[in-house]
Amino acid sequence: MAIIDSHVHVWENPCPEYPWNTSLGIKPAFEAPPESLLREMKVHGVQQSVLVQPSNYGFDNSYMLDCIRRQPDSFVAIGLVDPWSHSVEKELEILAAGDGVVGTRLVAALNPDASWLDPDSTYRYWSTVQRLGFSVSVLIRPSQLHALEALVAR
């Protein structure tokens, strides 16, 4: 039986190639490089991990994409995009073109009222993820569950 870790984050300290965007409020006090993850995977018999874009990079998925390019047999990825972006379709298509990208993530920090779960205001996002066959990972607050329930029902 294959063991897959379905949700992990990797990052390094900010640098010119991979700057942080702390607009979502995340600023880790330590590094979590993929090399450490790979060692832990080996120790625990994990064959593959799903890298989920950490919020400290904002919507710049470069670091995560470079990690899966370096270790395509070990990692697949869930990217982070702004569902209201004027170029959301293009951003999602770029993610889809990357080998190993299997979906996107939406986080409650985007908007506390959960308007990012409103299919009318984020129609282009939802229609594009559906067309691309992407999974959507949702990090949500309990107060936002009613909006998620309505979206799923629709």
Starting from the stretch 26-38, take each residue that is under 16 Å from residue 73 (Cα atoms) and free of Cβ contacts under 8 Å to residues at least 40 places away in the same chain and list its partners that are open to solvent by 30 Å² or more (accessible area, probe 1.4 Å) and acidic (Asp, Glu), counting only C-beta distances under 9 angstrom and pairs at least six apart or across chains. 37/5
Selected residue (only one of 58, 79 is at positive phi and touching a Ser or Thr at 6+ places or on another chain (Cβ under 8 Å)): 58
Qualifying positions in the stretch 1-12 - at pLDDT below 95 and either in contact with a helix residue (DSSP H, G or I) (Cβ under 9 Å, 6 or more places away or on another chain) or not small (Gly, Ala, Ser) (or both): 1
I want to confirm something. Restricting to the stretch 82-118 and keeping residues that are assigned to a loop (DSSP other than H, G, I, E, B) and in contact with a Phe, Trp or Tyr (Cβ under 6 Å, 6 or more places away or on another chain), which single residue is surrounded by the most Cβ atoms within 10 Å (Cβ to Cβ)? 83
The residue that is most open to solvent (accessible area, probe 1.4 Å), considering only those in the stretch 127-142 that are touching a residue at least 24 places away in the same chain (Cβ under 8 Å) and more than 20 Å from residue 50 (Cβ to Cβ), is 141
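The values are calculated or read from the model by the stated rules, or taken from the named source; none is laboratory data. The structure displayed is predicted, hence computed values, not measured ones. Positions of Cβ are backbone-derived with ideal geometry, glycine not excepted, and every protein chain shown enters the neighbour counts. What goes into the accessible areas is simple: the full protein's heavy atoms, side chains included, and nothing from ligands, DNA or RNA. Shrake-Rupley method; radii C 1.70, N 1.55, O 1.52, S 1.80 Å.
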